[in-house]
């Protein structure tokens, strides 16, 4: 094993890291929004025109592998006329997938807010939307921050899957380098450490936030 | 339903008028034909054994519970009235909100917004429901908080306050909407005994200021001192009503006497 040529590999690995981090943040932002819409759409079961499609989307996404979803978006959607470049397809797939899981987290968080909060807002004459925005969601967000943090870290690792649709994120960059140089041991070891060097501090951060929230709870 | 009915035009009549109100929870009939008028400035105390329908009764007045039959009007605004086919119609959301803005409610478990300061709790609805600007809402809030002795807690969060203080903030929050009527649903039942007094004191002062109040309570001393009229409920109906003297010294109904004997002995 020899890392003497690591400095030659570094530029493309570093570019891979940057793309991985970019994919993580953009997909997460998309997932947070999609998740909120999927959760709110299911909030009132009497509004079936909202709740049924939302439920169906969540079940389809949770019931199939992420890798298959990425293939489907990248290879099958073009035959329906929707052609996305690899990065866009990757973000769409990762964002939808994580969003579906996050919608369940949101739902649990909204349910966990004391029913008395709704009654108090109702008794003050506050309309439903206002109660959601000012009373329920801020409290639900506190409840869901730890699980959302964990999904964020999962998403960071799942971005490796988009290497299969030729997005040159960290793993894909490594595969290319390894194929060119035949230094599989060294390169995959470096990548291994790089993922860990990001995800481990991130999970410490989530745990720290979790602890802080617990202490400042009611 | 006539939306143009101006509440002020009805000021001479009762503030709240309930006629033959029935409420079912599934097959269980919790209210079995309750009729009640509450006049402006009146302090009405509702007593009765648990499960008698007291809490459900006051929760129907701001539509936290929808009634199954009968009618309720608040300040002349029909909250629930029989439709053309005689069945009680579901009130419109706007009618419900109009009534709720005029009817303040205080709950057994306070239900303050835990992520907001005391000040933010009190100004939330005046700003976003009444459309008051922030400065005016804060001024109003400070006046109310100083009256109940909690102005120094304006920037505290609910969890930093005692139960009694939290409940007084909840009263302030309801008052900030300048309601015509205040509903109190067993507001001292969740409090430690030594904190009950400060809340009752706040309510007593409110009554002296002429607020129209409907109070569901187990505090018989308070009922006796503050009520203009006492309503006794049992098994979903009003079995007796009258002045505190009449109810406490010479109840007409054996069930009233039995209930009072039990609660007054518990207090000792």
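What about residue B:99, is it modelled with pLDDT of 95 or more and not in a loop (DSSP other than H, G, I, E, B)? Can you show your working first?
Numbers: modelled with pLDDT of 95 or more: no; not in a loop (DSSP other than H, G, I, E, B): yes.
No, not satisfied.
Quick one: which helices (runs of 4 or more DSSP H) lie wholly within segment A:1-95 and hold at least 2 residues that are touching a helix residue (DSSP H, G or I) at 6+ places or on another chain (Cβ under 9 Å) and within 30 Å of residue A:118 (Cβ to Cβ)?
Values: elements: A:6-41, A:48-62, A:66-71.
Here the list reads A:6-41, A:48-62.
Scanning segment B:189-228 for residues that are closer than 30 Å to residue B:127 by Cα and touching a residue at least 60 places away in the same chain (Cβ under 8 Å) gives B:190, B:207, B:210, B:211, B:212, B:213, B:214, B:215, B:216.
Here is a check on your reading of the model: is residue B:196 away from chain A (no Cβ under 14 Å), over 24 Å from residue B:139 (Cα atoms) and assigned to a strand (DSSP E or B)?
Details: away from chain A (no Cβ under 14 Å): yes; over 24 Å from residue B:139 (Cα atoms): yes; assigned to a strand (DSSP E or B): no.
Spelling it out, it is not the case that residue B:196 is away from chain A (no Cβ under 14 Å), over 24 Å from residue B:139 (Cα atoms) and assigned to a strand (DSSP E or B).
I'd like to know if segment A:104-118 contains one or more residues that are within 14 Å of chain B (Cβ to nearest Cβ), closer than 25 Å to residue A:154 by Cα and out of contact with any strand residue (DSSP E or B) (no Cβ under 9 Å at 6 or more places or on another chain). Lay out the reasoning, then the answer.
Our first condition is that a residue be within 14 Å of chain B (Cβ to nearest Cβ); within segment A:104-118, this holds for A:109, A:112-118.
Within this subset, residues satisfying the condition of being closer than 25 Å to residue A:154 by Cα are A:109, A:112.
Checking the rest, the ones that are also out of contact with any strand residue (DSSP E or B) (no Cβ under 9 Å at 6 or more places or on another chain) come to A:109, A:112.
Looking for residues that are within 14 Å of chain B (Cβ to nearest Cβ), closer than 25 Å to residue A:154 by Cα and out of contact with any strand residue (DSSP E or B) (no Cβ under 9 Å at 6 or more places or on another chain), one finds at least one in segment A:104-118, hence yes.
On the stretch given as segment B:21-31, residues that are part of a strand (DSSP E or B) and either loosely packed, with under 15 Cβ neighbours inside 10 Å or touching a helix residue (DSSP H, G or I) at 6+ places or on another chain (Cβ under 9 Å) (or both) total 7.
Of note, residue A:203 does not satisfy the criterion of being out of contact with any strand residue (DSSP E or B) (no Cβ under 7 Å at 6 or more places or on another chain), at pLDDT 90 or above and more than 30 Å from residue A:143 (Cβ to Cβ).
Inspect all residues belonging to segment B:176-188 and state whether any of them is within 25 Å of residue B:64 (Cβ to Cβ), assigned to a helix (DSSP H, G or I) and touching a residue at least 24 places away in the same chain (Cβ under 8 Å). Looking for residues that are within 25 Å of residue B:64 (Cβ to Cβ), assigned to a helix (DSSP H, G or I) and touching a residue at least 24 places away in the same chain (Cβ under 8 Å), one finds none in segment B:176-188, hence no. Restricting segment B:102-138 to residues that are touching a strand residue (DSSP E or B) at 6+ places or on another chain (Cβ under 8 Å) and facing chain A (nearest Cβ under 7 Å), the residue that is surrounded by the most Cβ atoms within 10 Å (Cβ to Cβ) is B:105. The residues of segment A:117-156 that are buried (at least 19 other Cβ atoms within 10 Å of the Cβ) and in a loop (DSSP other than H, G, I, E, B), listed by number, are A:124, A:125, A:126.
The values are calculated or read from the model by the stated rules, or taken from the named source; none is laboratory data. What you are looking at is a predicted structure, and each value in this text was computed from that prediction instead of being measured. No Cβ is skipped: glycine too gets one built from the backbone with ideal geometry, and neighbour counts run over all protein chains shown.
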